[in-house]
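Engineer: The structure follows.
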Amino acid sequence: MGTVYLTGAGPGDIELLTVKALRLVKEADVIIYDRLANPDILKEAKNGCEFVYVGKEDSHHTLPQEEINEVIYQSALKHECVVRLKGGDPFVFGRGGEEAIYLKERGIGFEFIPGITSAIAVPEYAGIPVTHRGVTVSFRVVTGHESHKKDHSQIPWENYKTDDTIVFLMGLHRLKKITSKLIEIGKPKDYPIAVISRGTTKDEKTVVGTLENIYEKAKDLPTPALIVVGKVVELREQLNWFEK
Ligand code: SAH
C-alpha cells in the first residue's frame, strides 16, 4: 500500500509551488489532479508517472466526490507514491479533509502538503493586501457557492458589517446576490470591491468597482475568479505591480 500526499499546487503561477510539493511531484507514481492545478506542473513528473484528471467545475463536478475518493484509494492500493494535486491549498475549500478521512477509514496513510492559497496570493498579485495596518485588522475567506442551500444562506451576513476584508471564492456567478446582500446589511453602495480573474497567470485581469456597479463591470470575466470586498481594495492604486 502506498502513501497519499494531499498536495497544494498553488494558485496558478507555477513558481508558487512549494519545494516540498515539487519534490513529491517528481517522485510520484501517479498524480491525481484538478482543473485548478496548473497542468504545467505535470511536466515535472518522472517518466512513467500516471496522470488522472478528476477536474471539477465551480458548480458541476466532472466526477462526484465519492468517486474521486475511490480513485485515490484504488491508486494507493496499486502505487507507492500517490500525489493528489489540488489548486491552492488542500484545506481552503479543497475537500482535502474529506479525502483524508476516506483514506484513514480504509487504512491508507496520508500527508498534507500545504499550498499557497488563491485567497491571499491572487489579491496579492493584484496589489490588494488582505490586511493592512490602519485599514483592516482581519480578513475572512468565504464560499460564494452554497449550492445545496438555495433559499437559506449559511453565511452569517450580519457579522459582515465591519471593515474586515472579505474574500469570496467560487462566487462570480453569485456576484449580484453577494453585493445586494452586503448593501442590505448596511454597507455603503460605493464600498470598494474587486473581482480578480485567472490570478497569478499571464491572463490575470482585475476589475475594481463599488458594490453598486461591480456586477455590470465584472460579470463576464472568465473563471476562476475571486471577489475581494474591503477598503484594502483602494491600496491597489499604489500597489498594483503584476498587471503592469
Ligand atoms: N483550494 C483553493 C480554492 C478552491 S475553491 C485555494 O486554496 O486557492 C475554487 C475557487 O478558488 C475558484 O472558484 C476561485 O474563486 C478561486 N481561485 C482559485 N484559483 C484562482 C485564480 N488563479 N484566480 C482567481 N481565483 C481563483
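The values are calculated or read from the model by the stated rules, or taken from the named source; none is laboratory data. A quick note: this is a predicted structure, and the numbers were derived from the prediction, not measured. Here Cβ is always computed from backbone atoms with ideal geometry, including for glycine, and neighbour counts include all displayed protein chains. The area values use the complete protein model at the heavy-atom level, side chains included, leaving out ligands, DNA and RNA. Shrake-Rupley method; radii C 1.70, N 1.55, O 1.52, S 1.80 Å.
Engineer: For segment 34-129, what is the charge dipole size about the Cα centre, in debye to the nearest 20, if Lys and Arg each add +1 at the Cβ and Asp and Glu each add -1 at the Cβ?
Structural biologist: Roughly 160 debye for segment 34-129.
Engineer: Here is a further query. Short version: ³J(HN,Hα) in whole Hz for each residue of segment 213-221, in order, from phi by Karplus 6.51 cos²θ - 1.76 cosθ + 1.60 (θ = phi - 60°), x for Gly and Pro, what are they?
Structural biologist: These are the phi-based 3J(HN,Hα) values: 10, 5, 4, 5, 6, 10, 4, 9, 5 Hz.
Engineer: Is segment 3-113 rounded, prolate or oblate when judged by the Cα gyration tensor, a ≥ b ≥ c being the square roots of its eigenvalues, rounded requiring a/c under 1.5 and prolate requiring a/b larger than b/c?
Structural biologist: Judged from the Cα gyration tensor, segment 3-113 comes out rounded (a/c under 1.5).
Engineer: Follow-up. Quick one: grab Rg to one decimal and Dmax as a whole number for the chain, Cα atoms only, in Å.
Structural biologist: Both quantities, over Cα of the chain: 18.9, 57 Å.
Engineer: With both bridge residues required to lie in segment 3-113, what share of the DSSP beta bridges run antiparallel, to the nearest 5%?
Structural biologist: Values: 2 of 21 bridges.
Beta bridges within segment 3-113, antiparallel portion: roughly 10 percent.
Engineer: Could you give me the percent of Cα pairs per 5 Å distance bin for segment 118-239, shortest bin first, beginning at zero and ending with the bin that holds the maximum distance?
Structural biologist: Answer for segment 118-239: a P(r) of 2, 12, 24, 26, 22, 11, 3, 1, 0 percent.
Engineer: By a straight-distance test (C-alpha under 28 Å), which lysines pair with Lys244 as possible cross-link partners, with residues fewer than eight away in the same chain excluded?
Structural biologist: Straight-line reach from Lys244, under 28 Å: Lys202, Lys205, Lys217, Lys219, Lys231.
Engineer: Out of residues 5 or more away from Gly109 or on other chains, whose amide H comes under 5 Å of its own, with H placed 1.01 Å from N in the peptide plane?
Structural biologist: Val4
Engineer: From the protein chains alone at 1.4 Å, what is the descending order of accessible area for Phe51, Phe91, Phe112, Phe168, largest first?
Structural biologist: Values: Phe51 95, Phe91 130, Phe112 75, Phe168 0 Å².
The residues order as Phe91, Phe51, Phe112, Phe168, largest area first.
Engineer: In whole Hz and in residue order, list the ³J(HN,Hα) couplings for segment 25-36 that follow from phi through the Karplus curve 6.51 cos²θ - 1.76 cosθ + 1.60, θ = phi - 60°; x for Gly and Pro.
Structural biologist: My calculation for segment 25-36 gives 4, 5, 8, 5, 8, 8, 10, 9, 10, 9, 4, 8 Hz in order.
Engineer: Share of the chain's accessible area from carbon and sulfur, percent, 1.4 Å?
Structural biologist: Whole-percent figure for carbon plus sulfur exposure: 51.
Engineer: About the Cα centre, and with charges only on the beta carbon of Lys, Arg (+1) and Asp, Glu (-1), how big is the dipole of segment 118-239? Nearest 20 debye, please.
Structural biologist: 200 debye
Engineer: Can you run phi through the Karplus equation (6.51, -1.76, 1.60; θ = phi - 60°) for segment 134-145 and list ³J(HN,Hα) in whole Hz, with x for Gly and Pro?
Structural biologist: x, 10, 8, 9, 7, 9, 10, 10, 10, 7, x, 8
Engineer: A follow-up question, please. Taking 8 Å as the Cα distance limit and 6 or more residues as the minimum spacing, I'd like the relative contact order of the chain as a percentage.
Structural biologist: Relative contact order for the chain comes out at 21 percent.
Engineer: Restricting to DSSP H runs of at least four residues, report the calculated mean residue ellipticity at 222 nm for the chain, -39500 (n - 2.57) per run over all residues, nearest 500 deg cm²/dmol.
Structural biologist: Working: 7 runs with 59 residues, N = 244.
-6500 deg cm²/dmol, from helical runs alone.
Engineer: Still on this model: Counting only DSSP beta bridges with both residues in the chain, what percent are antiparallel, rounded to the nearest 5?
Structural biologist: Once the DSSP bridges in the chain are tallied, antiparallel ones form about 40 percent.
Engineer: For Lys78, list the aspartates and glutamates whose Cα falls under 13 Å from its own Cα; do not include residues on the same chain fewer than 8 positions away.
Structural biologist: Correct list for Lys78: Asp29, Glu50, Glu70.
Engineer: Cα centroids of segment 194-216 and segment 2-28: how far apart, whole angstrom?
Structural biologist: 28 Å
Engineer: In Å², what does the accessible area per residue of the chain work out to with a 1.4 Å probe?
Structural biologist: 50 Å²
Engineer: Another one. Choose one of Leu235, Phe91, Ala45: the residue whose Cα lies farthest towards the positive end of the charge dipole of the chain (beta-carbon charges +1 Lys, Arg; -1 Asp, Glu; about the Cα centre).
Structural biologist: Leu235
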